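The values are calculated or read from the model by the stated rules, or taken from the named source; none is laboratory data. Worth saying up front: this structure is predicted, and the values here are computed from it rather than measured. Note: ideal-geometry Cβ built from the backbone for every residue, glycine included; neighbour counts use all protein chains shown.
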Amino acid sequence: MLLGILAGIFEFVPLLGPVTIGLIVITTAAASDDPWKALYVAIFLIVLRIIHDYVTYPRIVRGGIHLHPLAIILSVLAGEQVAGIPGVFLAIPIVAVATVIYRHVLEHRGARGLVSGWIQDAESHPEAGA
């Protein structure tokens, strides 16, 4: 129970939190009566982390704010590079707001994309002499 509570608390610290709690759990498992449990726990935690980070979390967030999973992953990575830990927490809301603004502009312009009007204007008015 204590390790589960610690895992929940440490989950708020990106990268270091899961690694720290993983090392604590693996060390605790290694100190048990069967040292092979540490290996099993390490494999389980690695597989769990991969599934959580690349499958379930992007799908959950995509369902709530309608962003593609790749956009979510890239925004979190970019947020971490730009602003560190606060950037990780702010990346998804910033991308979500930008996406809403983008869709709002497209809806009011009646276009399929921001540059589609430029392309259509260029096609309808070809330069004389080109």
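Could you identify the single residue in ILE72, ILE60, ILE92 that is in the same structural domain as PRO14 (by TED's automatic domain parsing), under 20 Å from the mean Cα position of the chain (by Cα), in a helix (DSSP H, G or I) and within 23 Å of LEU16 (Cα to Cα)?
One residue alone meets the criteria, ILE60.
Go through segment 1-37 and give me each residue that's part of a helix (DSSP H, G or I) and among the aromatic types (Phe, Trp, Tyr).
If the condition is that a residue be part of a helix (DSSP H, G or I) and among the aromatic types (Phe, Trp, Tyr), then PHE10, TRP36 are the ones that fit.
Is it fair to say LEU106 is at pLDDT below 85, farther than 18 Å from PHE10 by Cα and surrounded by 12 or more Cβ atoms within 10 Å (Cβ to Cβ)?
Judged against the criteria, LEU106 is a match.
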